[in-house]
Structures are given as structure tokens and as C-alpha cells.
1. Just give me the residues in segment B:23-37 being surrounded by 13 or more Cβ atoms within 10 Å (Cβ to Cβ) and out of contact with any Ser or Thr (no Cβ under 7 Å at 6 or more places or on another chain), in sequence order.
2. For segment B:109-118, how many residues are facing chain A (nearest Cβ under 7 Å) and either touching a residue at least 24 places away in the same chain (Cβ under 8 Å) or surrounded by fewer than 20 Cβ atoms within 10 Å (Cβ to Cβ) (or both)?
3. More than 8 Å from chain A (Cβ to nearest Cβ) and exposed (fewer than 14 other Cβ atoms within 10 Å of the Cβ): is that true of B:Ala57 in this structure?
4. Out of B:Leu50, B:Leu74, B:Leu8, report the one residue that is more than 15 Å from B:Ala131 (Cβ to Cβ), out of contact with any Ser or Thr (no Cβ under 7 Å at 6 or more places or on another chain) and surrounded by 17 or more Cβ atoms within 10 Å (Cβ to Cβ).
5. Under 7 Å between Cβ atoms, at least 6 apart or on separate chains: pull out the pairs that start in segment A:76-93 with a residue that is within 7 Å of chain B (Cβ to nearest Cβ) and end on any residue that is hydroxyl-bearing (Ser, Thr, Tyr).
6. Filter segment A:58-75 down to residues that are of a type outside the set (D, E, K, R) and part of a loop (DSSP other than H, G, I, E, B) and give me whichever is nearest to the other protein chains (Cβ to nearest Cβ).
7. Could you give me the residue pairs with C-beta distances under 7 Å whose first residue belongs to segment A:45-60 and is within 11 Å of A:Gln21 (Cβ to Cβ), whose second residue is surrounded by fewer than 21 Cβ atoms within 10 Å (Cβ to Cβ) wherever it lies, and which are 6+ apart or on separate chains?
8. Which members of segment B:68-99 meet the condition of being under 11 Å from the mean Cα position of the chain (by Cα) and either facing another protein chain (nearest Cβ under 7 Å) or within 24 Å of B:Ser2 (Cα to Cα) (or both)?
Amino acid sequence: MRGALASAVAAGVFVLSYAVQRLWSAASGEVPYEQVIATEHIPFFWRCSLAAAHALLAAVLCRLVRESAVEPVLRKLPAVLAVVVGASALAMVWVP
Amino acid sequence: MSGTLFALLERVHGHLALLGLAVLLHPVITLRTRRGLSWRMQLSADLGALLLLVPFALGAWIYPTYRRDVKPSLWVEHHDAALLFETKEHLAAMAVALAVGGALALRSGGKQPAARQVAWTLLLLGWLCGAGAGVIGLQVAAAAHPGF
């Protein structure tokens with residue numbers, strides 16, 4: 001059961017981390033397009049890598065959760081995931 | 001990367017992703033309509049996640065070429081399509097993470113109803129994000145097409 005929790009939380013954290021990073025870069029002003037294509041810097045790769053690192057960290061932390069606490073958390077997780085993913089996906093449509 | 005190889009990989013990328021979405025629909029439906037977890041559900045969830053992961057990796061491989069050779073003209077001639085492409089990339093990354101997470105959650109705790117519910121939620125959300133990316137991908141491909 002801890003494995004299921006770790007997988008689910010990791011997926012949710014990946015999505016949230018990706019969306020927050022994109023919104024952050026949009027708010028703080030990403031490198032201008034003309035400069036981006038002139039360099040090897042590809043924000044998409046960095047974003048995915050950092051989100052994967054966050055997801056991995058979340059999965060490791062989930063392994064520390066007490067076995068008795070796993071099922072109650074799993075029961076609440078679908079609603080949380082729906083909100084997190086729904087909001088993140090809408091944000092990504094709003095801020096390409 | 002040559003233009004021919006790029007076009008080939010871009011088409012394989014799109015077709016594999018479509019196949020992945022079709023396969024992923026099986027666990028999304030059967031996890032809702034049947035009790036318990038069969039090996040077929042697990043297999044289709046694993047296969048669906050893999051068939052989204054592989055085209056994502058292919059897309060990542062051709063992405064630098066796209067940025068260098070396709071994006072500049074797309075940006076100038078079809079600005080909306082270039083922005084839509086970015087949205088497609090965001091949704092695709094999310095879809096892959098959710099599908100892989102769903103398949104792993106099903107494999108780890110598929111015998112427990114709570115874990116199955118979480119896995120179903122992840123697979124459904126992954127499928128929705130993937131379908132959104134697919135529809136946008138079609139729009140972008142239509143705009144990026146050289147035409148006649």
C-alpha cells in the first residue's frame with residue numbers, strides 16, 4: 001500500500017511542480033524567445049527534470065508514512081489529485 | 001538531424017501516443033466497471049503507460065530540432081499554433097507522469113480498493129491530459145503542415 005501511495009503522490013507532485021515552475025517563470029519573465037533559440041538552454045527539459053526530482057523526493061518521503069495511516073490518506077487522495085491536476089492543467093492552458 | 005528523420009520520428013511519436021491513449025482507455029473503463037483487478041487490467045495499464053512514455057522520450061529527442069528548425073517559422077507564420085504547441089508539451093508531460101504513477105499504484109496496491117480508486121483517478125486524469133495534448137497536437141500539425 002505504501003508503494004501505491006508513493007506512486008500517486010509522486011505523480012501529483014510532478015504535475016504540481018511542473019505547473020508551479022512554469023507559472024513562476026512566466027511571472028518572473030522567462031528568457032526572451034530570440035535568446036532562447038540562440039542557446040542550448042531548453043526550459044522544458046529543466047522543468048521536467050526538476051519536477052521528476054521533486055516527485056522522487058515525495059515518493060521517498062511517502063515510504064516513511066506509518067502503514068496504518070496509508071489507507072485513510074489513499075481514500076482522500078483522489079479528490080486532492082483531481083483538484084491539483086485540474087487546476088494545473090487549466091493553468092497550463094491559460095499560460096502556454 | 002535530417003528533415004526526413006525528423007518527420008519520421010514526429011509521425012511515430014504521434015501515432016504511438018495515440019495508441020497509448022487507446023490502450024489506456026481499457027483500464028480506465030474496466031477499473032470502474034469490474035470488481036477486483038485482473039492481469040489484463042494491469043497489463044493494459046502498464047502497456048498504456050509505456051506507450052505514452054516512449055513517444056514522450058521520442059518527442060524529447062526531436063524537441064531541440066523542433067526549436068531550431070520548425071519553431072521560428074511557426075512562431076512567425078502561425079503564432080497561435082506555436083503557443084498551442086507549448087500547451088501540448090505541458091499537458092503531455094503531465095499525462096505521462098499521471099499514467100506512469102497510475103500504473104505503478106495499480107501494480108503496488110491493486111488488490112486494495114482504496115489503492116485501485118487512486119490508480120483509476122491517476123489513469124483517468126492522465127488520459128484526459130493526454131487526449132487534450134493529442135487534440136492540440138493535431139491542430140499544431142495541421143498549422144505546421146507546408147500545404148499545397
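The values are calculated or read from the model by the stated rules, or taken from the named source; none is laboratory data. Being a predicted model, the structure only gives us computed values, none of them experimental. Glycine also receives a Cβ, built like all others from the backbone with ideal geometry; neighbour counts cover every protein chain displayed.
1. B:Leu24, B:Leu25, B:Val28, B:Ile29, B:Thr30, B:Leu31, B:Leu37, listed by residue number.
2. Of the residues in that region, 2 qualify.
3. yes
4. Among B:Leu50, B:Leu74, B:Leu8, only B:Leu74 is more than 15 Å from B:Ala131 (Cβ to Cβ), out of contact with any Ser or Thr (no Cβ under 7 Å at 6 or more places or on another chain) and surrounded by 17 or more Cβ atoms within 10 Å (Cβ to Cβ).
5. Matching pairs, first to second residue: A:Pro78/B:Thr121; A:Leu81/B:Thr121; A:Ala82/B:Thr121; A:Met92/B:Thr87; A:Val93/B:Thr87.
6. A:Val65
7. From segment A:45-60, the pairs are A:Arg47/A:Gln21; A:Leu50/A:Gln21; A:Ala51/A:Gln21.
8. Scanning segment B:68-99 gives B:Lys88, B:Glu89, B:His90, B:Leu91, B:Ala93, B:Met94, B:Ala97, B:Leu98.
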